[in-house]
1. Could you grab me the full set of residues in region 367-404 that are among the hydrophobic types (A, V, I, L, M, F, W, C) and under 21 Å from G275 (Cβ atoms)?
2. Would you mind stating whether V467 is in contact with a helix residue (DSSP H, G or I) (Cβ under 8 Å, 6 or more places away or on another chain), away from ligand 1 (no atom under 16 Å from the Cβ), in a strand (DSSP E or B) and hydrophobic (A, V, I, L, M, F, W, C)?
3. Is there a residue in region 201-213 that is of a type outside the set (D, E), farther than 23 Å from F160 by Cα, within 16 Å of ligand 2 (Cβ to nearest atom) and modelled with pLDDT of 95 or more?
4. Cβ-Cβ below 6 Å, separation at least six or inter-chain, first residue in region 359-383 and under 14 Å from V292 (Cα atoms), second part of a loop (DSSP other than H, G, I, E, B) and of a type in the set (G, A, S): which pairs?
5. Exposed (fewer than 14 other Cβ atoms within 10 Å of the Cβ) and farther than 26 Å from H252 by Cβ: is that true of I104 in this structure?
6. Can we say F190 is at pLDDT 95 or above and out of contact with any Ser or Thr (no Cβ under 7 Å at 6 or more places or on another chain)?
7. Looking only at region 235-252, how many residues end up being surrounded by fewer than 19 Cβ atoms within 10 Å (Cβ to Cβ) and within 15 Å of ligand 1 (Cβ to nearest atom)?
8. Just to be sure I understand, how many residues within region 411-451 are within 15 Å of ligand 2 (Cβ to nearest atom) and either farther than 23 Å from W203 by Cβ or not in a loop (DSSP other than H, G, I, E, B) (or both)?
Amino acid sequence: MGKVERKKWSEEFSEWYNELIETAGIQDKRYPVKGMNIWLPYGLKIMRSIERFIHSEMERTGHDEVLFPALIPETEFQKEAEHIAGFEGEVFWVTHAGHDPLDIRLILRPTSETAMYSMFSLWIRSHADLPFKVYQIVNTYRYETKHTRPLIRVREISRFFEAHTAHDSFEDAERQIKEDLEIFDNLARFLAIPYIISKRPDWDKFPGAYYSLGAEVMMPDGRTLQIGTMHNYRQNFAKAYNIQYETESGDHEYAHQTTFGMSERLLAAVIAIHGDDRGMVLPPTIAPIQVVIVPIPKKDAEADVFAYAGEIAEELRAAGIRVHIDERDIRPGRKFYDWELKGVPLRIEVGPRDVAGRKAVLARRDTLEKLVVGREGIVEEVRKTLDAIHENLHKRAEEFLESHIKRVETIEEAKAVFEDRRGIVEIPWCGEESCGLEMEEALDAKMLGTPYPEEKAKAPEGKKCPVCGREAKFIARFARTY
Ligand SMILES: Nc1ncnc2c1ncn2[C@@H]1O[C@H](COS(=O)(=O)NC(=O)[C@@H](N)CS)[C@@H](O)[C@H]1O
Ligand SMILES: [Zn+2]
């Protein structure tokens, strides 16, 4: 059994995804506020594994965890012009408490720049306080008016990761952005998720940023999902919030700042990219159950498959593997269905013949292949197979992403790509905003930006901008997005 059927996953992805969020026990969407869902135990366990990895990367790179209030006074929110312009249509307001109207209206944080930066102004006094690196994983609120979708576009972003840093120079802020990219790369590998990094065009950067980088993944329907962003703010916010420090030579400078943001979209990407028609397929790194053992008793056979299953479970647990034995009194086929839906990466089936022969059957969730292994070396076999599953998930996703990136030279070719399978189009561009916007219009797609780092963004010699005919300086990426 090789290729797994991925018809529904690929042809009716949206329906497949919405169903799976409920049936696999990730979230309950019936909460009576639009765009706000309830984390169910199984889904939350998976999200917690992702968060634990982020916390460990923050620890490794010297970020301190903080926790800010969720409410921000309008006076604080109003300080950075571009940021306000970008967010005022997206914030939820709190105007009353009890029977009393509030003298200063409050907003629910859409992200925490305007909550944090007046405090940064108090905390950061000297160059010795830099680089200053804090983060938090909190809920943030955005009045999304486009179609909301669980984990992907929600109004309460309940697992919003935001790192905020301050530096004594543009160069050190750039070093921070490089570190963010490294952290992101480690996380993407942990999730077996391939991605591309693009530098956003000026008209689509984060409100108040000098530039923004976006990390995009390819979803099964050929649209991209932005699952992370890194922003260099230069001194824009420091000037608005008076974040100054005393330099070694005694004068005062505004700090340079960066931010790095991700959310529960990371889990949406894992569910979408690795899934198949039977449901989720979880990378072993974040699977709450890595191995499910299904004992298959036969009425007349006296072999005690339950005791045998228990022994194997004990040995695997002792080796640090997350194991569950499904002892429910239902047909094995029903058990297989449930655990395949929940994406358990590896199943072990043990029947009387396996007990007698001191064997076990391993069933891989990613390829549905089965292999018989000896009882003695089972821990090593399981470990090896879990690693092979992780590798295979990453490789399969990589091939999918690669096959959805197409380099073209004309608008017509680009349109044909989108007609065929959507995906990402790379096309020469002169760098003028008007030409970029015209291509977005013509392709009915968003410009993700130019490849990052810069050296990958240059157009090959002699290429022309398909809009104005001038020499193309860059390669620009376009895609239908979430
Ligand atoms: N409505 C939403 N639902 C789920 N995730 C979202 C939503 N809006 C943004 N995100 C995720 O949150 C990440 C950070 O958001 S952001 O606006 O791009 N950047 C910031 O807010 C910066 N202050 C960095 S923390 C995005 O990359 C995206 O993956
Ligand atoms: Zn042009």
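1. So in region 367-404, the residues among the hydrophobic types (A, V, I, L, M, F, W, C) come out as 368, 371-373, 378-379, 382, 386, 388-389, 393, 397, 400-401.
If the condition is that a residue be among the hydrophobic types (A, V, I, L, M, F, W, C) and under 21 Å from G275 (Cβ atoms), then L368, L386, A388, I389, L393, A397, F400, L401 are the ones that fit.
2. Judged against the criteria, V467 is not a match.
3. Of all residues in region 201-213, those of a type outside the set (D, E) come to 201, 203, 205-213.
Those left that are additionally farther than 23 Å from F160 by Cα: 201, 203.
Retained after the next criterion (residues that are within 16 Å of ligand 2 (Cβ to nearest atom)): 201, 203.
Adding the requirement that they be modelled with pLDDT of 95 or more leaves 201.
Yes, region 201-213 contains at least one residue that is of a type outside the set (D, E), farther than 23 Å from F160 by Cα, within 16 Å of ligand 2 (Cβ to nearest atom) and modelled with pLDDT of 95 or more.
4. Filtered contacts from region 359-383: V379/A319.
5. Values: exposed (fewer than 14 other Cβ atoms within 10 Å of the Cβ): yes; farther than 26 Å from H252 by Cβ: yes.
Against the criterion (exposed (fewer than 14 other Cβ atoms within 10 Å of the Cβ) and farther than 26 Å from H252 by Cβ), I104 qualifies.
6. Numbers: at pLDDT 95 or above: yes; out of contact with any Ser or Thr (no Cβ under 7 Å at 6 or more places or on another chain): no.
For F190, the condition - at pLDDT 95 or above and out of contact with any Ser or Thr (no Cβ under 7 Å at 6 or more places or on another chain) - is not met.
7. 0
8. The first filter runs over region 411-451 and keeps only residues within 15 Å of ligand 2 (Cβ to nearest atom), leaving 411, 414, 427-443, 447, 450.
From what's left, either farther than 23 Å from W203 by Cβ or not in a loop (DSSP other than H, G, I, E, B) (or both): 411, 414, 427-429, 433-443, 447, 450.
Number of matching residues: 18.
The values are calculated or read from the model by the stated rules, or taken from the named source; none is laboratory data. These numbers were taken from a predicted model, which means no experiment stands behind them. Neighbour counts run over all protein chains shown; Cβ positions are idealised from the backbone, glycine included.
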